[in-house]
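Asker: Would you mind keeping the following structure in view while I ask a few things?
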Amino acid sequence: MRRIYILSYCLLVLSVTSAAQSVSFDTVSIPLNIRKNAAVVVRSENIEFEVFDIDHAKLSWHRVITILNDEGKDELNFDQVTDKFSKLDDFEVKVYNLAGKTVAKYNEHDLISVSIAHEFMDDDKNHFMHISVPSFPVTVEFNVILKYNGILNYPRYQISEPNVGVEFSNYVVKVPTDLDIRYKEKNIQLKPTITENKKYKTYSWLVKNVSPIEYEDDAVSYESRYPSILIAPTHFKLDDYEGDMTSWKSFGNWYGSLSKGMDQLPDDRKIFYRNLVKDAKTDKEKVKIVYDYLQKNFRYVSIQLGIGGFKPFPADYTDSKKYGDCKGLSNYLQAVLKVIGIKSYQALINARYNKEPVDPDFPCNQFNHDILCVLLGQDSIWLECTSKTNDFGTLGSFTENRNALLITETGGVLVPTPKSAPFKNTIKVYTTVDLGEDGSGKTNSTLTPTGEFKQEIFDLMNAKSDEQKSKIISHWSFKDPSEIKFADKDAGDFKLDVVQDLELLPELKTGSKMFLSPSIASIWTYKLPKAENRKQDFYFNFPFEKKDTTVYQLPKGYTADALPESKSAGCRYASYSTKYWYDEKSGKVYSASTLVLNQYKIPAKDYAEVKKFFDDILVDRQQRIVVKKTS
């Protein structure tokens, strides 16, 4: 599905004011509570969103910001996406020095505009530029106008962002009385001033003197953490497709209307699929067979042509081309399942790591992806049709823990997607080490992934050879891979073998003793951010289970001198265990470790406990196996 951004990340903090000349440019005049801990201060901002008709609107903003230091330099990157339904109508930027003198001006001719062609079917354009400044602090003024000739998403009022203070900000929405808007506060209590005449209804939100909120690593996106006002239409129109957004049911009806008649397949393909599943014993087995076939024979491309950003290509077109975007592939698989007598539903979802679920009480389009749901009795099977790595019936962290909008015959129904679980994302590492008497060693590690770790291996497969080596060293702490071997991804096998020939394997070699790391591939390397005064929940990418077994074959004449103590530790959200033993008969030292993260979201109040747990693991991994020469 196409991703419509009324305002990009950069633009969500841009605005409009008609009195920029009255704004002070010195930093001394900024109140201390706003300047302290801020990288950027919004001096004055006015945003006006005017709706003329169901499919025509204009967004204007004038914004004056002072960038205090290098941490705020991203605000110098202007970035706006337009498409068939939107146009950048005006653009002007002025840069002022501390004395308030204009030192640079930019307009539309200074923008770089490029087509965003993910593959070859995309009419989006990106307009961007970098504003060069000699030093900080610096004040920048933006004047921007966007026009829309078809609109589904109304712009959110993003009041605050990380490390941004706000002196003055005003957001105004003007809408015909017969259309009206809906709104909802997020992380703030702020009611609008509402005025009305015979033709228009006007909403105005005003804030002053907002202190910056500290940025915290590994929290979810700023849209859900910081004060904002969600805005949504009651009725909307794209091309000739008019819709109602006052309920999830009515919005689902609109989206479903775009797919009507798009599920037809040629007769020979119907016969093919019926033959493909003829020996399957159950409907679930049939679904798995056709899903596996889709993964191996179709590929994902992005299709963003006008209403095609929402309307899928016909199933027979997808069949002949063997490609499609998320809605196209979901529509295709839905058509195939229909042929073999199995009912399924497309489902809209807001996809991305740790994206906040859409609000059940506020129908609006926050979706950017399309997946498929098959209901077999009490069993729900969720299918990610764009993935080459997802196991059958597994969504993964991109879409788990969300609310999805099922597109049914009677409209949209909001339902939860499955919750993530550690057993869905596992990686097992088994390493054998031939240790030489001189400290040299040959290691052979086999990494066997499931779930999200399969995607990591898949990405590694498709990287350049030098990048593969670099990532293996940085991600799993290998020293110097001499050979990297991948299994057959087309057969669904994502195993990875890493071979190393090392001149010196021990961490330390002194006299008759060698000090060895407990494992060749590290089970945990990341030092979590500080815990002091944590206010936001902490997010891992996904829960997981990691297992590592390392077997050292000692050289003749060597024996184990000292082994680390086996350990078992845990907290409310994770567990960790290690075990060491020596087999005197074979001359092998064994090291086995398991790390399980049960929950990806850690409440802020519990974060210090979790950080200590993982910090203790880093300390424990510093222990060494000691072997010595006896003869």
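The values are calculated or read from the model by the stated rules, or taken from the named source; none is laboratory data. Fair warning: this is a prediction, and the values are worked out from it, not measured in the lab. Every residue, glycine among them, receives a Cβ derived from its backbone with ideal geometry; neighbour counts consider all protein chains shown.
Asker: Any idea which residue in segment 467-484 is nearest to the chain's Cα centre (by Cα), counting only those that are assigned to a loop (DSSP other than H, G, I, E, B) and not small (G, A, S)? Walk me through how you get there before you give the answer.
Answerer: First, the residues of segment 467-484 that are assigned to a loop (DSSP other than H, G, I, E, B): 477-480.
Now narrow it down to the ones that are not small (G, A, S): 478-480.
On the way: F478: 27, K479: 30, D480: 31 Å.
Selected residue: F478.
Asker: With the condition kept exactly as written, say whether any residue in segment 246-258 is more than 25 Å from N331 (Cβ to Cβ), touching a Pro at 6+ places or on another chain (Cβ under 7 Å) and surrounded by 13 or more Cβ atoms within 10 Å (Cβ to Cβ).
Answerer: yes
Asker: Take segment 542-582 and flag every residue that is part of a strand (DSSP E or B) and either without any contact (Cβ under 8 Å) to a residue 12 or more places away in the chain or of a type in the set (F, W, Y) (or both).
Answerer: Once the filter is applied, which keeps residues that are part of a strand (DSSP E or B) and either without any contact (Cβ under 8 Å) to a residue 12 or more places away in the chain or of a type in the set (F, W, Y) (or both), segment 542-582 yields F544, Y552, Y558, S568, Y576, Y580, W581, Y582.
Asker: While we're here: Residue pairs, Cβ under 7 Å, 6 or more apart or interchain, first in segment 282-297 and without any contact (Cβ under 8 Å) to a residue 60 or more places away in the chain and buried (at least 17 other Cβ atoms within 10 Å of the Cβ), second of a type in the set (F, W, Y) and assigned to a helix (DSSP H, G or I). List them.
Answerer: Matching pairs, first to second residue: V290/Y273.
Asker: On to the next question. Mind checking which residues of segment 74-110 are buried (at least 16 other Cβ atoms within 10 Å of the Cβ) and either without any contact (Cβ under 8 Å) to a residue 24 or more places away in the chain or in contact with a Leu (Cβ under 8 Å, 6 or more places away or on another chain) (or both)?
Answerer: F78, D79, Q80, T82, K84, F85, S86, L88, F91 - these are the residues of segment 74-110 that are buried (at least 16 other Cβ atoms within 10 Å of the Cβ) and either without any contact (Cβ under 8 Å) to a residue 24 or more places away in the chain or in contact with a Leu (Cβ under 8 Å, 6 or more places away or on another chain) (or both).
Asker: Report whether or not I116 is surrounded by fewer than 18 Cβ atoms within 10 Å (Cβ to Cβ), within 29 Å of V51 (Cβ to Cβ) and at pLDDT 90 or above. Before you say what the answer is, go through the steps one by one.
Answerer: Numbers: surrounded by fewer than 18 Cβ atoms within 10 Å (Cβ to Cβ): yes; within 29 Å of V51 (Cβ to Cβ): yes; at pLDDT 90 or above: no.
So I116 does not fit the description; no.
Asker: Does K198 meet the test of being outside any helix (DSSP H, G or I), touching a residue at least 40 places away in the same chain (Cβ under 8 Å) and assigned by TED's automatic domain parsing to the domain that holds V28? Show your work before the answer.
Answerer: Values: outside any helix (DSSP H, G or I): yes; touching a residue at least 40 places away in the same chain (Cβ under 8 Å): no; assigned by TED's automatic domain parsing to the domain that holds V28: yes.
The answer is no for K198.
Asker: Output yes when any residue across segment 79-86 is under 30 Å from D180 (Cβ atoms) and among the aromatic types (F, W, Y), and no when none is.
Answerer: Scanning segment 79-86, I find at least one residue that is under 30 Å from D180 (Cβ atoms) and among the aromatic types (F, W, Y), so the answer is yes.
Asker: Sticking with this one: Between V287, V277, which is out of contact with any Leu (no Cβ under 8 Å at 6 or more places or on another chain), in the same structural domain as N390 (by TED's automatic domain parsing), within 22 Å of C385 (Cβ to Cβ) and not hydroxyl-bearing (S, T, Y)?
Answerer: The conditions single out V277.
Asker: For segment 262-281, what are the residues that are assigned to a loop (DSSP other than H, G, I, E, B) and touching a residue at least 40 places away in the same chain (Cβ under 8 Å)?
Answerer: Initially, segment 262-281 is screened for residues assigned to a loop (DSSP other than H, G, I, E, B), giving 262-266, 277-281.
Across segment 262-281, the qualifying residues are M262, D263, Q264, L265, P266, V277.
Asker: Can you work out which of the residues in segment 204-259 that are without any contact (Cβ under 8 Å) to a residue 60 or more places away in the chain and among the polar types (S, T, N, Q) is farthest from I407 (Cα to Cα)?
Answerer: S204
Asker: Just one of the numbered conditions (1) crowded, with 18+ Cβ neighbours inside 10 Å; (2) modelled with pLDDT under 95; (3) of a type outside the set (F, W, Y) is not true of D240; which one?
Answerer: (1)
Asker: Could you tell me which residue of segment 322-366 is farthest from S302 (Cα to Cα), considering only residues that are among the aromatic types (F, W, Y) and surrounded by 21 or more Cβ atoms within 10 Å (Cβ to Cβ)?
Answerer: Selected residue: Y345.
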